Amino acid sequence: MQPPHVHRHEFRIAMGEVDVAQIHFTTLFSWMDRGLSEWLAAVGRPFTRLLDEGPGIPIVDVHVAIRERIHLDDILVLETWAAAVGNTSFRTRHRFTRHGTLVAEGELVHVCVERESRATQPVPEWVRAVAADGDWTPPRSP
């Protein structure tokens, strides 16, 4: 079995991504969506391919925990991976660090559906092949 695929993305916090209190919580959802898009592309299934071939992977649950303030011009590393694959659902997990310190983490729960009927369908083998088991997390980058 190959190790789970973890996509790492480093980025700088821009002015429009923070508020006067130095964090804008809704931005974390956009960053997780970006992490999902980049992870899918890295495993050979960009969203354009999913739209053509399926399955649909709507998000049915979201959790975010903010651990530290995020400041303008911070350099964050976002790590994204898939885990906890069930029969018709899987989770993408997203960890945000600054200089190796956890600042936020989140999880998206996706259900696999046939795009036309919206009927649930089994998680594809390509997801299973690159996903982590259960609560596995990658080691933190420095």
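The values are calculated or read from the model by the stated rules, or taken from the named source; none is laboratory data. Predicted, not measured: the structure shown is a model, and the values here were computed from it. Quick reminder, even Gly has a Cβ in these numbers, built from the backbone with ideal geometry, and neighbours come from all protein chains shown.
Per-residue answers, yes or no, for (1) hydrophobic (A, V, I, L, M, F, W, C); (2) touching a residue at least 40 places away in the same chain (Cβ under 8 Å); (3) more than 23 Å from Thr120 (Cβ to Cβ):
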residue: Arg8; (1), (2), (3): no, yes, yes
residue: Gly16; (1), (2), (3): no, no, yes
residue: Val20; (1), (2), (3): yes, no, yes
residue: Gly35; (1), (2), (3): no, yes, yes
residue: Arg45; (1), (2), (3): no, yes, no
residue: Glu53; (1), (2), (3): no, no, no
residue: Ile75; (1), (2), (3): yes, yes, yes
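Would you please name the residue that is surrounded by the fewest Cβ atoms within 10 Å (Cβ to Cβ), looking only at residues in the stretch 113-138 that are over 17 Å from the mean Cα position of the chain (by Cα) and of a type in the set (Lys, Arg)? For the stretch 113-138, the residue satisfying everything is Arg118.
Note on the stretch 98-114: residues that are part of a loop (DSSP other than H, G, I, E, B) and in contact with a Ser or Thr (Cβ under 6 Å, 6 or more places away or on another chain) total 1.
Per the conditions (1) exposed (fewer than 12 other Cβ atoms within 10 Å of the Cβ); (2) of a type in the set (S, T, N, Q); (3) not in a loop (DSSP other than H, G, I, E, B), the sole criterion not satisfied by Asn87 is (3).
Within the stretch 20-71, being assigned to a loop (DSSP other than H, G, I, E, B), farther than 20 Å from Arg8 by Cα and in contact with a helix residue (DSSP H, G or I) (Cβ under 8 Å, 6 or more places away or on another chain) holds for His24, Ile57.
When His110, His94 are checked against the criterion of being buried (at least 18 other Cβ atoms within 10 Å of the Cβ), more than 10 Å from the chain's Cα centre (by Cα) and closer than 13 Å to Asp33 by Cα, His110 stands alone in meeting it. When the residues of the stretch 30-58 are filtered to those that are within 18 Å of Arg93 (Cβ to Cβ) and out of contact with any strand residue (DSSP E or B) (no Cβ under 7 Å at 6 or more places or on another chain), the one that is surrounded by the fewest Cβ atoms within 10 Å (Cβ to Cβ) is Ser30.
Within the option set Ile70, Ile66, being free of Cβ contacts under 8 Å to residues at least 60 places away in the same chain, surrounded by 19 or more Cβ atoms within 10 Å (Cβ to Cβ) and not acidic (Asp, Glu) holds for one residue only, Ile70.
Among residues of the stretch 115-142 that are over 26 Å from Glu10 (Cβ atoms) and part of a loop (DSSP other than H, G, I, E, B), those with a beta-carbon under 8 Å from a residue that is modelled with pLDDT of 90 or more and charged (D, E, K, R) at least six positions away or on a different chain give the pairs Gln121/Glu114.
A quick yes/no check of all residues on (1) among the aliphatic types (A, V, I, L, M); (2) within 18 Å of Ala131 (Cβ to Cβ):
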{"residue": "Val62", "(1), (2)": "yes, no"}
{"residue": "Thr80", "(1), (2)": "no, yes"}
{"residue": "Glu114", "(1), (2)": "no, no"}
{"residue": "Gln121", "(1), (2)": "no, yes"}
